[in-house]
1. Restrict the check to region 201-224 and report whether at least one residue is in contact with a Leu (Cβ under 9 Å, 6 or more places away or on another chain), among the aromatic types (F, W, Y) and farther than 30 Å from P117 by Cβ.
2. Are any of the residues in region 103-123 among the aliphatic types (A, V, I, L, M), closer than 17 Å to M149 by Cβ and in contact (Cβ under 8 Å) with a residue 60 or more places away in the chain?
3. Could you figure out which of (1) more than 17 Å from S164 (Cβ to Cβ); (2) in contact (Cβ under 8 Å) with a residue 24 or more places away in the chain; (3) of a type in the set (S, T, Y); (4) assigned to a helix (DSSP H, G or I) isn't true of S94?
4. How about region 91-146: which of its residues are among the small types (G, A, S), touching an Asp or Glu at 6+ places or on another chain (Cβ under 7 Å) and crowded, with 18+ Cβ neighbours inside 10 Å?
5. With the structure loaded, tell me whether K221 is touching a residue at least 12 places away in the same chain (Cβ under 8 Å) and in a strand (DSSP E or B) or whether it fails that test.
6. Could you list, in sequence order, the residues of region 1-38 that are modelled with pLDDT under 80 and open to solvent by 80 Å² or more (accessible area, probe 1.4 Å)?
7. List every residue pair whose Cβ atoms lie under 8 Å apart, where the two residues are 6 or more positions apart in sequence or sit on different chains, the first residue falls within region 165-193 and is within 23 Å of M88 (Cα to Cα) and modelled with pLDDT of 85 or more, and the second residue, located anywhere, is among the basic types (K, R) and open to solvent by 30 Å² or more (accessible area, probe 1.4 Å).
8. Would a scan of region 222-239 turn up a residue that is within 30 Å of L79 (Cβ to Cβ), open to solvent by 60 Å² or more (accessible area, probe 1.4 Å) and not small (G, A, S)?
Amino acid sequence: QLSQSNGDKVSTDVKITSAQGNTKHLRLSISSFFDAKRNADEYIVCIKDRTEEVKDQIALKAAMSNLELVANSTADVILRYDFRTFEMSFVSKSIKYMPGYDYDELLGTRCVDIFHPSVRQPIIDLVTSYVNGTRSFARGGHDKVRLPMLKKDGTCIMTEVLSSFLRDAADRPIDCISVIHDISESLRYEKQISEQNNVMNTLINNLVSDVYLKDIDLKYKMANLRYAKSIGFDSVDQII
């Protein structure tokens, strides 16, 4: 494969196994030098030990296979992306059902672009702070934030994003992994409960009767202002 020009180089990967069964993965880079008659005069062979690199590649391939299996079995969206460029290399199939995108159209694009424009730069700043070490992940090696995600039709849903680093055998960050959970329905329920509580509090605070609720340990769970004042307190919060 070497052409007859000085300094030409060809590389090949080889695997050698010792009598003890130890395996090494090597990359040989062979450079050729020719004499005036174009005959090969010398060869210089550079040998690079790729054993650990190959182990990491095998482990990473196995991890990605497991990730794909788990990711495509959940309703949450799972992304893998480069923490420097934010380019996505993996998107779970659930992306079709939550925000309505097709799997293929997102691969190679920036993950921040599927979120509302108002939070894109804060996301970049946050991930960069983790990479630079100016900010640490919360306990458990990950952080959870709430972010508005853009659906394909232009509307927004509120999501909860759990992010962490995918690391190699030497604990160096390789990529980021984010699990995205749709909490828009939960927020609607929370809002409805809050509105109902406000209506109930308004109602009981306008009753001419004393009203209170205790649990089985006789601790106050709810009361109206009239009752609180009747037993010597200035607000309901003081007796809850």
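1. yes
2. Within region 103-123, none of the residues are among the aliphatic types (A, V, I, L, M), closer than 17 Å to M149 by Cβ and in contact (Cβ under 8 Å) with a residue 60 or more places away in the chain.
3. (2) is the only condition that S94 fails.
4. Initial filter on region 91-146 (among the small types (G, A, S)): 92, 94, 100, 108, 118, 129, 133, 136, 138, 140-141.
Next, from what is left, pick out any that are touching an Asp or Glu at 6+ places or on another chain (Cβ under 7 Å): 94, 100, 108.
The one that is among the small types (G, A, S), touching an Asp or Glu at 6+ places or on another chain (Cβ under 7 Å) and crowded, with 18+ Cβ neighbours inside 10 Å: S94.
5. Numbers: touching a residue at least 12 places away in the same chain (Cβ under 8 Å): yes; in a strand (DSSP E or B): yes.
Taking the combined requirement at face value, the residue satisfies it.
6. Selection gives Q1, Q4, N6, K9, A36, K37, R38.
7. Short answer, once both residue conditions are applied: I183/R146.
8. Step one: list which residues in region 222-239 are within 30 Å of L79 (Cβ to Cβ), which gives none.
There is no residue in region 222-239 that is within 30 Å of L79 (Cβ to Cβ), open to solvent by 60 Å² or more (accessible area, probe 1.4 Å) and not small (G, A, S).
The values are calculated or read from the model by the stated rules, or taken from the named source; none is laboratory data. In this text, all values refer to a predicted model and were calculated from it rather than measured experimentally. As a convention, Cβ positions derive from the backbone with ideal geometry for all residues, glycine included, and neighbour counts pool all protein chains shown. SASA here: full protein model, heavy atoms, side chains in, ligands and nucleic acids out. Shrake-Rupley method; radii C 1.70, N 1.55, O 1.52, S 1.80 Å.
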